[in-house]
Amino acid sequence: MVNLGQIRHLLIMKERQIVVMKMSIVAITLNIIANYFAIKGGFGITGVAASSSIAAFFLFLSLSIIALKYVESVSLFSFLTSVLIPPLCLLLALLALEYFVIYGNLVVEFAIKVFFFLLASLFIGYYINRRTNIITIVLKIITNRVKRGDGHDTLLN
């Protein structure tokens, strides 16, 4: 349903496979019930996707909270804020764009929404780069290749 990687491995390492299995069963059951009501409610594939996302988020959150009991250096509040604030900012940006940007021409409206969404995504890029330096590393690789003049031809070899 969802790949939890390190969280699942930590719980299995701590011999909590039963907890992982029980929480997965609860999430799958929640997903089936929510999908049923989404389809019956007339929300179609969008409702099914939203309910599946909610069930996957429930599984992630519940297993994360359980796994945090075994990690002494991380508090629940700091973990939740570091994990939840970036996607919540993007969600708020999407909701604001959907509500406030209304234009007669669909192409122009789409371009405006994409522009402002990318602008809102800069915060996420900064946040990720501050923790991992991945954007800095990728930009250095690109600038080095541009300076040397060996573009896509090195990728083919």
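Which of the lysines could be linked to residue 69 by a straight reach, that is with a Cα gap under 17 Å, when you skip same-chain ones fewer than 8 residues away?
Partners found: 14.
Quick one: which of 59-69, 137-147, 116-126, 29-39 comes out on top by average Cβ neighbours within 10 Å, and what's the full order, highest first?
Details: 59-69: 17.2, 137-147: 10.6, 116-126: 13.2, 29-39: 15.1.
Averaged packing, sorted descending, gives the order 59-69, 29-39, 116-126, 137-147.
Taking every alpha carbon pair in region 66-128, what does the distance histogram look like in 10 angstrom bins from 0, in percent?
Using 10 Å bins, I get a P(r) of 19, 35, 23, 14, 7, 1 for region 66-128.
Computed from the coordinates by the stated procedures, all read-outs in this text should not be read as laboratory data. Everything numeric here is computed off the predicted structure, so don't read it as measured data. Neighbour counts run over all protein chains shown; Cβ positions are idealised from the backbone, glycine included.
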